[in-house]
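The values are calculated or read from the model by the stated rules, or taken from the named source; none is laboratory data. Being a predicted model, the structure only gives us computed values, none of them experimental. Here the Cβ is made from the backbone with ideal geometry for all residues, glycine too, and neighbour counts use every protein chain on show. These area figures cover heavy atoms from the full protein model, side chains too; ligands, DNA and RNA do not enter into them. Shrake-Rupley method; radii C 1.70, N 1.55, O 1.52, S 1.80 Å.
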Amino acid sequence: MHEYKIVVCGSGGVGKSSLTVQYVQGVFVERYDPTIEDSYRKQIELDNQQCMLEILDTAGTEQFLAMRDLYMKTGQGFVLVYSITTQSTLSDLHELREQILRVKGEDKIPMVLVGNKCDLENERAVGIEEGSSLADKFGVSFFEASAKSRINVNEIFTDLVKQINLNRDTMSKQTKKESSGGCCTIL
């Protein structure tokens, strides 16, 4: 069984925990309780393969910045979450993405950009085009979601697991290529 380390990150109050708990347990968490760090496990079947997802729900507050490097190093895929009701939460993702790329030392990492709280259309501060445009700029998948209404919750994680699989396949082909090139057998 393949294991996947997924990190859910973004500013405080964007609904990272709500999305994660809705996905893993199928319930909506109504009250806001700032997270330090929670870890969840969920087994799924994708493309006839059993997959174990280890999902890390991270702190959105600045006081836990020291923990960031560690989860960025170990994460295989990242869910970058902003709230469609708060413009600044979208802006915060630029720096977060740059930090992930810097810590990982790569420029292409499995990521999904998520505009959460799409059920709050009357409070919208970030247009769908703005989120979509940023996702294009980052070169990542984009979803608007609602943890409360369970809109696109499964799709976010399914898309990310597929990206991780593609990334794994690419890396394993590169490794095979490197290990077979320039080698000779002496008899």
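Given the options E129, E123, name the one that is of a type in the set (D, E, K, R) and either buried (at least 17 other Cβ atoms within 10 Å of the Cβ) or without any contact (Cβ under 8 Å) to a residue 24 or more places away in the chain (or both). Break it down into steps so the answer makes sense when it comes.
Values: E123 fails: either buried (at least 17 other Cβ atoms within 10 Å of the Cβ) or without any contact (Cβ under 8 Å) to a residue 24 or more places away in the chain (or both).
Exactly one residue qualifies, and that residue is E129.
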ask   = Mind checking which pairs have a first residue in segment 96-119 that is more than 20 Å from E144 (Cα to Cα) and without any contact (Cβ under 8 Å) to a residue 12 or more places away in the chain and a second that is part of a loop (DSSP other than H, G, I, E, B) and aliphatic (A, V, I, L, M), Cβ under 8 Å, 6 or more apart or different chains?
value = L101/I109
query = Residues in segment 68-91 that are within 15 Å of A135 (Cβ to Cβ) and either more than 12 Å from the chain's Cα centre (by Cα) or of a type in the set (A, V, I, L, M, F, W, C) (or both): how many?
reply = 8
inquiry  = So if I check each of R102, R124, R68, which one is of a type in the set (K, R) and touching a Leu at 6+ places or on another chain (Cβ under 9 Å)?
reply    = R68
request  = Could you identify the single residue in I55, I100, I109 that is under 22 Å from V161 (Cα atoms) and in a loop (DSSP other than H, G, I, E, B)?
outcome  = I109
key: Residues of segment 143-170 classified as open to solvent by 50 Å² or more (accessible area, probe 1.4 Å) and among the hydrophobic types (A, V, I, L, M, F, W, C), total   = 2
request  = Sort through V126, V161 and tell me the only one that's part of a helix (DSSP H, G or I) and modelled with pLDDT of 95 or more.
outcome  = V161
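So, in segment 99-115, exactly how many residues are open to solvent by 20 Å² or more (accessible area, probe 1.4 Å) and over 21 Å from G13 (Cα atoms)? If you could, list the steps in order and put the result at the bottom.
We begin by selecting, within segment 99-115, every residue open to solvent by 20 Å² or more (accessible area, probe 1.4 Å); these are 99, 101-108.
Narrowing the set further to residues that are over 21 Å from G13 (Cα atoms) leaves 101-108.
Residues flagged as open to solvent by 20 Å² or more (accessible area, probe 1.4 Å) and over 21 Å from G13 (Cα atoms) within segment 99-115 amount to 8.
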inquiry  = When the residues of segment 133-142 are narrowed to those that are surrounded by 15 or more Cβ atoms within 10 Å (Cβ to Cβ) and among the small types (G, A, S), which ends up farthest from the chain's Cα centre (by Cα)?
reply    = A135
remark   = By residue number, the members of segment 132-158 that are touching a residue at least 24 places away in the same chain (Cβ under 8 Å) and over 16 Å from C118 (Cβ atoms) are F138, G139, V140, F157, T158
task = Mind listing whichever residues of segment 77-91 are surrounded by fewer than 20 Cβ atoms within 10 Å (Cβ to Cβ) and in contact (Cβ under 8 Å) with a residue 12 or more places away in the chain?
result = T86, Q87, S88
